[in-house]
Amino acid sequence: KFALKKFEKKTLKRIGKKGKEIVRGKKQKPSKYVGTATKIFSNFSVFLINKGMFKNLSENLTRTNLGLLPKSYISVIFFTTLLSLIAGIFIFSFLLFFNVKTILPFITIVNEPFGIRFLKVFWILFVIPIASFLFMYLYPSLEKTSLERKINQELPFATINMAAISSSMVNPTTIFSIISSTKEYLHLEKEFIKVINGVNVLGYDLITTLK
């Protein structure tokens, strides 16, 4: 027999019967912004997804734990781009007739010819919406990279604890439950919950779930 250490006894007691229960995350209602975007662009987003577009975006979105379906996030991209286009039109219209300075007076009327002024500021109509679209499109990829780095930072310490707990000969799946219950590994916890639910809810064996 192996002697349990204090922290092992504590975590085993804490887990109790929870190992067989479904692990649920906090229910979060979608924001009004997401809801509005989905109402307007949902059908168009689904159409593009069915055409095979945004495949990489959907994969990255799944791995970031943002809690949004691909069609919802893509709808948000289009909605945000639309709003940025409207904002760009207002900014363009303002700068077409007014100069903005960092010294008094901060705002002055443009004195140069209309055609020259138009050529100087027309790029705003394109840069703002394009920049918004690219940022929203690339955000899941950037978030995935950041999450990967944070997980790699937590993994060595979690592995040490998992190795210590495994010496008590508990079920391998229970080890994931114990580590999740400690609330010490915020980013690994979400991934471990996926493993637990893969076994307890979907009925896969541990190896299949990990793969």
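Segment 96-211 holds helices (runs of 4 or more DSSP H) entirely within its bounds, and those carrying 3 or more residues that are under 27 Å from LEU57 (Cβ atoms) map to 124-166, 186-200, 206-210. Here VAL121 clears all of (1) closer than 30 Å to ILE89 by Cβ; (2) open to solvent by 50 Å² or more (accessible area, probe 1.4 Å) except the condition numbered (2).
Can you tell me which residues in segment 151-187 are closer than 30 Å to ILE74 by Cβ and open to solvent by less than 70 Å² (accessible area, probe 1.4 Å)? If the condition is that a residue be closer than 30 Å to ILE74 by Cβ and open to solvent by less than 70 Å² (accessible area, probe 1.4 Å), then ILE151, HIS187 are the ones that fit. The set of residues in segment 98-113 that are free of Cβ contacts under 8 Å to residues at least 12 places away in the same chain and either open to solvent by 60 Å² or more (accessible area, probe 1.4 Å) or closer than 16 Å to ALA87 by Cβ (or both) comprises VAL100, LYS101, THR102, ILE103, LEU104, PRO105, PHE106, ILE107, ASN111, PRO113.
Of the numbered criteria (1) open to solvent by less than 60 Å² (accessible area, probe 1.4 Å); (2) over 30 Å from PHE54 (Cβ atoms), the one SER84 fails is (2).
Out of all the residues in segment 162-199, which are in contact (Cβ under 8 Å) with a residue 40 or more places away in the chain and more than 26 Å from the chain's Cα centre (by Cα)? Correct list: ALA164, ILE165, SER167, SER168, MET169, VAL170, ASN171, THR173, THR174.
Only a single item in (1) touching a Gly at 6+ places or on another chain (Cβ under 8 Å); (2) of a type outside the set (Val, Ile, Thr); (3) open to solvent by 60 Å² or more (accessible area, probe 1.4 Å) is not met by PRO129, and it is number (3). Scanning segment 174-204 for residues that are charged (D, E, K, R) and either under 17 Å from ASN161 (Cα atoms) or touching a Gly at 6+ places or on another chain (Cβ under 9 Å) (or both) yields LYS183, GLU184, GLU189, LYS190, GLU191.
With the structure loaded, tell me whether SER31 is farther than 30 Å from ARG117 by Cβ, open to solvent by less than 100 Å² (accessible area, probe 1.4 Å), under 19 Å from the mean Cα position of the chain (by Cα) and at pLDDT below 95 or whether it fails that test. When the stated conditions are applied, SER31 passes them. Taken as a whole, the condition of being open to solvent by 80 Å² or more (accessible area, probe 1.4 Å) and either out of contact with any Gly (no Cβ under 6 Å at 6 or more places or on another chain) or in contact (Cβ under 8 Å) with a residue 12 or more places away in the chain (or both) applies to GLU148.
Just checking, which of PRO156, PRO172 is over 25 Å from GLY67 (Cα atoms) and modelled with pLDDT of 90 or more? Testing whether each residue is over 25 Å from GLY67 (Cα atoms) and modelled with pLDDT of 90 or more leaves just PRO156.
The values are calculated or read from the model by the stated rules, or taken from the named source; none is laboratory data. Please read these numbers as outputs of a predicted model, since none were measured by experiment. Don't worry about glycine lacking a Cβ; one is built from the backbone with ideal geometry, like all the others, and counts go over all protein chains shown. The area values use the complete protein model at the heavy-atom level, side chains included, leaving out ligands, DNA and RNA. Shrake-Rupley method; radii C 1.70, N 1.55, O 1.52, S 1.80 Å.
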